[in-house]
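For reference, the structure is listed below as structure tokens.
The values are calculated or read from the model by the stated rules, or taken from the named source; none is laboratory data. Predicted model, so just to flag it, every value in this text is computed and none were measured. Reconstructed Cβ throughout: ideal geometry from the backbone, glycine too, with neighbour counts over all protein chains shown. Just so you know, the surface numbers come from the protein's heavy atoms only, side chains and all, with ligands and any DNA or RNA stripped out. Shrake-Rupley method; radii C 1.70, N 1.55, O 1.52, S 1.80 Å.
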Amino acid sequence: MGSRPSLLLRDEELAEIQKETGFSANQIERLYSRFTALDKTGSGALSREDFLRIPELAINPLGERIVMAFFRHSEEDRVNFRQFVRVLAHFRPVKKNKDNKLNSREGKLKFAFKLYDLDDDDRITKEELLAVLQMMVGENISEDQLMSIAERTILESDMDGDGMIGFEEFCKALERSEVEQKMSIRFLN
Amino acid sequence: MLPIGFVGTSKLMHKMEAWEILVLLLVTGPVSVFVITVYVLSALGKSLGFRRKYVQMLLYIFEYGRIRIEKAHREKYGSDEEDNCEDVSSKVISLGPKSNGNAVKLEDSPEEKELRNRRQSSLKLSDDDDQSDLNIPVDCKSDFELSDIFHFVKNGIEAIVEDQVTQRFVAEELKSWNLLTRTNRHYEFISWRLSLIWLVGFFIRYFVMLPFRVTICFLGVVFLTMATALVGSIPKRYGVLRRRLYNIVSLQAFEVFSWSISAVITHHDYENQPGGAIVDESGSIVKGFEGGGGICVANHTSPIDVVVLAVDNCYDMIGQRHGGFLGILQRALARASSHIWFERSEMKDREAVARRLKEHVEDKTKLPILIFPEGTCINNSAVMQFKKGSFEVGGVIYPVAIKYDARFGDPFWDSSKYSMLQYLYMMMTSWAIVCDVWYLPPMTRKSGESAVDFANRVKSLIARKGGLVDLDWDGQLKRTPAKKEWKEQQQLEYSKKFVNSSPRHIVSAVEDPSSTGDVDNLNPST
């Protein structure tokens, strides 16, 4: 019942976001209202805590990594609406004859790749892989076993023999995966 | 100079007297007629039937507004909303109650419904369509794949876009503007005609209805405090008389309160109404049926829930002692019947609360006790976890489902934002409080059923009847962060993928998150 504005975006800004992300005006309005709802302090930007206040995200084993993805391109430790929508745009379903580099197969793969690549050097090392594995299994599997899983995964995907997975190798390894479906969600109008 | 002036004023005073009497008559006449009407009508259990007509009229106005807004919207954005844009007009506002459970509710388009259901189920890893991500073909079992993160990422992003929990603690989203300024739709300029309607509505709500409603509410409080004091002064040995009088007083007082918020309440399935027996000194039943009052459990949206239920039946209440306006009512009620009010410190003592509750339920002469097992107010779009406490006591449980029609005024009480009086002020300046109440058949715990399972069984029945989403999440998440056990549960679920290669590493004993009942299990906000 708060005095939440329905939409405070200027028309030109709306048009820019539409062009950049491919979302419709209605979808952007919806996302904006969600954004303001998450912004508990009313500062116009989201902090890490604002994200992790969503219980379903807080209990997601990769929740913190997903939140980090929003902060990758921001100088400060806050995310404004433009950045917020841009990240979400990766998850728009792929449509024929409507190319947008964010939600293309490659865009989606890049997003996933960056979740592993913690130090942002465009390679996934054994340690980075191990860290993600650990987040997903928690205390349930021994570190030795995880290590051998990580080693094996790198061995399988590594083609140039540098002991790491580069983006091209990553794409090759996921060649047969239905990335378009698994990395898409539906946005309501 | 002085005598002249003196004479002048005295003459004036003389004149004033006749004039004053006239004013006095003019003012007190209608007021006393009004007061008497209120009390007589409430005593007779009658109402003038204005409210239902008024609500019908509002529905037509809203419908008019909806069509206007949609037209304006189409003009603004044009019809170029291509990608999976649904036809706006597919969201139908139903006029008047329908025959099924979701009586007065805005309809979701099928697409949204499906999406909601899917999102809800995606929480559980073991659900069908998600399973495909995890159920790896046998030949590469126990192998990690780089794409395994997709499942978690997708769920995470979905939760960011829309989650099941946080939206329950803010006002429910309306499909169309209901001409109130404080809904999530806010004030919108659509057309002059609509703005005029809004303005007239504003005037009526604030300058006509509000004074009437405040007066009626005040009369209700006066009546309740005086009448309960009278009933309370009757010695305990005249139990039957006391109880009968209290029933009359309670019904009448709550009826008056319901007028002060223009409540239009439709109760369904009277045969399931909770009821205690009136027992005379010799122990034989005078009125009602055997088995004692039992416990009446309902979903919780606001303190108004109590009014909504108590206009139709008498209850004893349990809850935390409040100060202020609620405190006045609590003390008044406690004078005449055996309500259980706890101090905040006592509420923490779960055993003491459970003992008091058990004593009350076992005493067959007492009224059914009203409990809101969610323990906190939810915005009436979902039912959240029921605390197991009231289901451990034993005896009969009378489930009740309450569904409000948020178009006429959102009844959800966001206690972190508004005080009780602020909240009442908002309710009294809303259009009306319209709701449906369903009495569900009494239930008892099956042998071998745990209190948690029983609570869940009752909860899902209430959810289904009221057309609400049935959630396993704890309403305490409003104030506290999610428990890490839930995350561990998901990690465990994922680790099962590697189970064949090393079963000894799997920790089997991750606590069931739904049974972490360390919070108060009784409603602290009644």
Could you say whether any residue in the stretch A:135-151 is free of Cβ contacts under 8 Å to residues at least 40 places away in the same chain, open to solvent by less than 30 Å² (accessible area, probe 1.4 Å) and within 17 Å of the chain's Cα centre (by Cα)? no
Selection within the stretch B:473-484 - open to solvent by 40 Å² or more (accessible area, probe 1.4 Å) and part of a helix (DSSP H, G or I): B:478, B:484
Can you tell me which of (1) under 32 Å from the mean Cα position of the chain (by Cα); (2) modelled with pLDDT of 85 or more; (3) at the interface with chain A (Cβ under 9 Å from one of its Cβ atoms) is the one residue B:491 doesn't meet? (1)
Quick one: what pairs do we get from the stretch B:57-84, first residue within 13 Å of another protein chain (Cβ to nearest Cβ), second at pLDDT below 80 and assigned to a helix (DSSP H, G or I), C-beta under 6 Å, 6+ apart or different chains? B:70/B:88
Name the pairs: first residue in the stretch B:183-205 and within 14 Å of another protein chain (Cβ to nearest Cβ) and at pLDDT below 75, second residue open to solvent by 80 Å² or more (accessible area, probe 1.4 Å) and in a helix (DSSP H, G or I), Cβ to Cβ under 8 Å, at least 6 apart or on different chains? none
Could you identify the single residue in A:175, A:156 that is within 11 Å of another protein chain (Cβ to nearest Cβ), surrounded by fewer than 20 Cβ atoms within 10 Å (Cβ to Cβ), in contact with a helix residue (DSSP H, G or I) (Cβ under 8 Å, 6 or more places away or on another chain) and of a type in the set (Asp, Glu)? A:156
If you check A:185, A:165, which single one turns out to be over 14 Å from residue B:150 (Cα atoms), facing another protein chain (nearest Cβ under 10 Å) and surrounded by 15 or more Cβ atoms within 10 Å (Cβ to Cβ)? A:165
Looking for something among the polar types (S, T, N, Q), out of contact with any His (no Cβ under 6 Å at 6 or more places or on another chain), assigned by TED's automatic domain parsing to the domain that holds residue A:178 and at pLDDT below 90 - is there at least one such residue anywhere in the stretch A:116-133? no
Matching option when the condition is open to solvent by 30 Å² or more (accessible area, probe 1.4 Å) and either at pLDDT 90 or above or of a type in the set (Val, Ile, Thr) (or both), among B:301, B:365: B:365
Residues in the stretch A:28-60 that are under 18 Å from the mean Cα position of the chain (by Cα), at the interface with another protein chain (Cβ under 10 Å from one of its Cβ atoms) and among the basic types (Lys, Arg): how many? 2
Output the number of residues of the stretch A:30-65 satisfying the condition of being open to solvent by 10 Å² or more (accessible area, probe 1.4 Å) and either β-branched (Val, Ile, Thr) or not assigned by TED's automatic domain parsing to the domain that holds residue A:84 (or both). 2
Does residue A:3 satisfy the criteria of being open to solvent by 50 Å² or more (accessible area, probe 1.4 Å), within 12 Å of chain B (Cβ to nearest Cβ), out of contact with any Phe, Trp or Tyr (no Cβ under 9 Å at 6 or more places or on another chain) and at pLDDT below 90? yes
Name every residue in the stretch B:401-420 that is within 18 Å of residue B:319 (Cα to Cα) and buried (at least 24 other Cβ atoms within 10 Å of the Cβ), in order of residue number. B:413
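Yes/no per residue for (1) out of contact with any Pro (no Cβ under 8 Å at 6 or more places or on another chain); (2) open to solvent by less than 40 Å² (accessible area, probe 1.4 Å); (3) polar (S, T, N, Q):
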site: B:294; (1), (2), (3): no, yes, no
site: B:306; (1), (2), (3): yes, yes, no
site: B:311; (1), (2), (3): yes, yes, no
site: B:315; (1), (2), (3): no, yes, no
site: B:329; (1), (2), (3): yes, yes, no
site: B:342; (1), (2), (3): yes, yes, no
site: B:348; (1), (2), (3): yes, no, no
site: B:357; (1), (2), (3): yes, yes, no
site: B:361; (1), (2), (3): yes, yes, no
